[in-house]
Amino acid sequence: MKAYFPINYESSLRCDCRTFPTEFLQAVGSKMYDTEGRRYIDFLSVIGVLISLLDLHTKAQMRFLIRFNEVILKLLAMSYKTLFAGPTGANAIEAAIKFARKITGRTKIVACASAFHGVTLGSLALTASCEHRRAAGTSLHEVIRMSFEGFLMSGNELENNKRMLSFPGNGEEPPAAIIVETVQGNGLTCASRSWLQGIQKIAHSMKTLLIVDDIMAGCGRASTYFSFEKHGIDPDIICLPKSFSELGLSIIVLSRSDCDIRNIQSPILKEAMGILTESIDTTLDSLTTGRTDVAIHA
């Protein structure tokens, strides 16, 4: 099969585009055109631009991914995969926590006091504000709360967090991920280099992923492109903000290449991914042999 896209830049969680490996060039009205001049009917034309950008391969997306890797990631010597999560910051958080749970096979997520991560159910569970949480109208589970630096005004937050999260008898199963903001959007409280490094050490000791929510502090708002660059940490997952694009769309999630779903070493997850891959391959065979062309090809 022809290679339509530099998929080595993208997370293998991007499944839809792999089941329909066509690179689209432009769309006019209800018709879409790929780079080989073929015409397709867009049955979702009302939201076709967004769907094409997030679910399918496009020429513009290819140019962006290549440029982003050359200008940002390679210069910072960062090996990450890219995932287009959706049009809001909460979409990025939701994708990140689902990704962490899929990779680890665990369910709990550790979030900080005073944190804000969004108001959809998954991200709202991580958000600390009781006012926001009450608006859900339902219980919000699977979150362990820890103190942010300075929250207890004791100077011992890091050690307290370590004991509560990792010591026997804490009553909690090991978490899938710890999510932090380097600069909290609520109150603009800044974490120090030593505190962030300490949190990363705690995460590594529990084989837990570290997620940095850079939706409010990333893209240069904290003087460097990623807000954590000067802090000497190496997050497993990074959530980037709406200002990443001119139109306020395409929140993206970056995941370390060695965390990508197809590189998982867990036998259980590898078996599950093998079943998924077999299903995808069957779909690809169906597409390439023309059995579904009548439905989608004009």
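Please tell me which of these pairs span more than 20 angstrom C-alpha to C-alpha: LYS162/LYS207; LYS108/LYS201; LYS74/LYS102?
Table pairs above 20 Å Cα-Cα are LYS74/LYS102.
Where the alpha-carbon atoms of the stretch 128-221 are placed on the principal axes, they occupy 35, 34, 26 Å, in descending order. Can you list residues from other chains, or at least 5 along the same chain, whose modelled amide H is less than 5 Å from the amide H of LYS81? Correct list: SER255, ARG256, SER257. Backbone amide hydrogens, once placed in the peptide plane, bring THR88 within less than 5 Å of ILE251, excluding anything fewer than 5 places away on its chain.
The mean sequence distance of close C-alpha pairs (under 8 Å, at least 6 residues apart), as a share of the length of the stretch 80-263, puts its relative contact order at 28 percent. Net charge in the neighbourhood of MET146 (other residues with Cβ under 12 Å of its Cβ; Lys, Arg +1, Asp, Glu -1) is 0. Residues GLU181, GLU131, GLU159, GLU142 in ascending order of nearby Cβ atoms (within 10 Å, fewest first): GLU131, GLU159, GLU142, GLU181.
Using the empirical formula 2.2 N^0.38 Å as the baseline, the Cα radius of gyration of the stretch 80-263 reaches a ratio of 0.96.
Where does each of VAL143, VAL28, VAL119 land when they are ranked from fewest to most other beta-carbon atoms within 10 angstrom?
VAL28, VAL119, VAL143
Panel order for HIS231, HIS117, HIS57, HIS132, by other beta carbons found within 10 Å of each beta carbon, from fewest to most: HIS132, HIS231, HIS57, HIS117. Across the stretch 208-213, computed HN-Hα scalar couplings (Karplus, 6.51 cos²θ - 1.76 cosθ + 1.60, θ = phi - 60°) run 10, 6, 10, 10, 9, 7 Hz from first to last residue, x flagging Gly and Pro. Net charge in the neighbourhood of SER129 (other residues with Cβ under 14 Å of its Cβ; Lys, Arg +1, Asp, Glu -1) is +1.
How many percent of DSSP beta bridges within the stretch 80-263 run antiparallel, rounded to 5?
Around 45 percent of the beta bridges assigned by DSSP in the stretch 80-263 are antiparallel ones.
Across the stretch 73-85, rounded Karplus estimates of 3J(HN,Hα) from the backbone phi angles (6.51 cos²θ - 1.76 cosθ + 1.60, θ = phi - 60°) give 5, 5, 5, 9, 6, 10, 9, 10, 9, 10, 9, 7, 8 Hz, Gly and Pro being marked x.
We did not get these values from a lab; they are worked out from the coordinates using the rules stated. Bear in mind that the values here come from a model prediction, so they are computed numbers and not experimental data. Counting neighbours? That spans all protein chains shown, and the Cβs are built from the backbone with ideal geometry, glycine included.
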